[in-house]
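What follows is a short report on a single structure.
The values are calculated or read from the model by the stated rules, or taken from the named source; none is laboratory data. Quick caveat: nothing in here was measured; it's all calculated off a predicted structure. So basically every Cβ, Gly included, is an ideal-geometry build from the backbone, and we count neighbours across all protein chains shown.
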Amino acid sequence: MILYHIILLAIIQGLTEFLPVSSSGHLGLFHCFTDHCDHWDNQNLIMDIAVHVGTLLSVLLYFWRDVVRMFLGVKDIGTGNIKSNNAKLTLYVLISSIPVIIIGFILNMFEPDWLKTLYVIAWATIIFGVILWWADKKSPTTREIKDLTLKDAVVIGCAQTLALIPGTSRSGITMTAARFLGFSRTESAHYSMLLAMIAISGAGALIGLSLIKSGDITLGMDVLIAITLSFISGWVSIVIMMKFLQNATFTVFAVYRVLLGTALLGLLYSGVIG
């Protein structure tokens, strides 16, 4: 992959992974505008995995205290102390992650082609952007992560399965569900990012296997660059969003999604891209 493609890919992934604007949708558009719309070769797939690993490292570092809490939670669960706050947080994050793992596994077996089209990305970007705006506008902002219940974890987890539709946004749909349940904007984003740790972690094993099989030193250097840049841009994205949501709403993200989706539909239906 060309160096400037790697740089753009890493920055796009890092900036959009944690924002409610669909990183997969932006990555799909990136590949289309770099002549890989109909197929992603092994090198492109490895680069996608690499930038996901970079963003995983950024969220692990930013929320390191929560990572420690969840490790302590695993210890508590192992000793039977499942009622501790750390154990509850760990269990809720795992429970919220189960639905998307199951549905994702099923979809991976069938690999429906219609899910990968730009039309799906465009419409999902618009529709779920409007839903995000509605949830943010109509819901209270009083609850915190410490108020999370088993029901909340299940609801948010089920909502996360919709992120398997390109353009939906994993962070966007989980934040939307959390807002509908009354969690504050910052707490909604916080829990969404904790779920991201599980959602992205599987990429680590895949990239390791891919690099071992490739035996390509150049590819290894490309991967290192992609991981580093996506880590930096991911960190910046998290810092900016968490500060932004302290005094703002999700409206700007919803408007961006509607404008992006509308522009994409215009390009598609006019035949500029296909």
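Tabulated data
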read-out: Hey, residue 220 within 28 Å of residue 50 (Cα to Cα), assigned to a helix (DSSP H, G or I), at pLDDT below 95 and more than 16 Å from the chain's Cα centre (by Cα) or not; value: yes
read-out: Members of segment 62-103 that are among the polar types (S, T, N, Q) and more than 23 Å from the chain's Cα centre (by Cα); value: 79, 81, 84, 85, 86
read-out: Which numbered condition residue 233 misses (of (1) at pLDDT below 95; (2) among the polar types (S, T, N, Q); (3) surrounded by 14 or more Cβ atoms within 10 Å (Cβ to Cβ)); value: (1)
read-out: Pair list, Cβ < 8 Å and 6+ apart or interchain, from segment 165-179 residues that are surrounded by fewer than 24 Cβ atoms within 10 Å (Cβ to Cβ) to residues that are modelled with pLDDT of 95 or more; value: 165/124; 166/124
read-out: Pairs where the first residue, in segment 1-28, is under 18 Å from residue 46 (Cβ atoms) and the second is in a loop (DSSP other than H, G, I, E, B) and of a type in the set (S, T, N, Q), C-beta under 6 Å, 6+ apart; value: 5/34
read-out: Residues of segment 147-170 that turn out to be at pLDDT below 95 and of a type in the set (Lys, Arg), as a count; value: 1
read-out: Qualifying residue in segment 41-61 (condition: in a helix (DSSP H, G or I), more than 15 Å from the chain's Cα centre (by Cα) and at pLDDT 90 or above); value: yes
read-out: Residue 21 vs. criteria crowded, with 18+ Cβ neighbours inside 10 Å and modelled with pLDDT of 90 or more; value: yes
read-out: Residue in segment 83-123 that is surrounded by the fewest Cβ atoms within 10 Å (Cβ to Cβ), counting only those that are β-branched (Val, Ile, Thr) and farther than 21 Å from residue 156 by Cα; value: 117
